[in-house]
Amino acid sequence: MATVSDETLRQLNAINGWLGDVFGKDTRLSGLLNDAGLNEAEAEAIKTKHLARFLQAVVNLIAANTANHDGERRNSVMVRHYGLIDGNPETLQSIGDSLELSRERIRQLVEKRIRLYSSAKRKEQFKADVAAIARELLGNDDNEVG
């Protein structure tokens, strides 16, 4: 089994925290993969061979989906708050200080982005996109073998 860096584990925890706020407290990335139809062997291959690339692709997906709604500067608020890039979440206060906004305004912006995923349709699309990312990585394995 490949070793996983501390940064990758922190990023996984950050993404799982975000998923818990969007999909429900018990939701984890591995559960989304299972719900999307990946079998245990495929999920294990993602965890052992592709985790860092998979997590980065999921972060890019989250950032791209929310950027379309409020612009890049405001989108970075949620990404920074959850620590999605490097697994190091920032406080509302520190983000507010850097953007010259109040802590309360930052909280509102984070909540707004969380609500973007609240509809059942958006959640299902996110699951499908995450599964597509996983399958693409697994498909690359198949192409390398031949």
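What to note about this one:
- Count of segment 72-107 residues, restricted to those that are closer than 20 Å to F54 by Cα and not small (G, A, S), is 9.
- N88 vs. criteria of a type outside the set (A, V, I, L, M, F, W, C), in contact (Cβ under 8 Å) with a residue 40 or more places away in the chain and not in a helix (DSSP H, G or I): yes
- Meets criteria (farther than 24 Å from T3 by Cβ, open to solvent by less than 50 Å² (accessible area, probe 1.4 Å) and without any contact (Cβ under 8 Å) to a residue 24 or more places away in the chain) for V110: no
- Selected residue (only one of S30, S98 is closer than 19 Å to L137 by Cβ and not in a loop (DSSP other than H, G, I, E, B)): S30
- Condition met for L92 (touching an Asp or Glu at 6+ places or on another chain (Cβ under 9 Å), at pLDDT 90 or above, aliphatic (A, V, I, L, M) and more than 22 Å from A131 (Cα to Cα)): yes
- Among residues of segment 1-22 that are open to solvent by 80 Å² or more (accessible area, probe 1.4 Å), those with a beta-carbon under 8 Å from a residue that is part of a helix (DSSP H, G or I) at least six positions away or on a different chain give the pairs M1/T48.
- All positions within segment 119-138 that are surrounded by 11 or more Cβ atoms within 10 Å (Cβ to Cβ) and among the small types (G, A, S): A128, A131, A132, A134
- The set of residues in segment 114-128 that are more than 16 Å from S30 (Cβ to Cβ) and either assigned to a helix (DSSP H, G or I) or of a type in the set (F, W, Y) (or both) comprises I114, R115, L116, Y117, A120, K121, R122, K123, E124, Q125, A128.
The values are calculated or read from the model by the stated rules, or taken from the named source; none is laboratory data. Note that this is a predicted model, so its numbers are computed, not measured. Every residue, glycine as well, gets a Cβ built from its backbone with ideal geometry; the counts of neighbours run over all protein chains shown. Note: accessible area is taken over every heavy atom of the protein model, side chains too, but ligands, DNA and RNA are not part of it. Shrake-Rupley method; radii C 1.70, N 1.55, O 1.52, S 1.80 Å.
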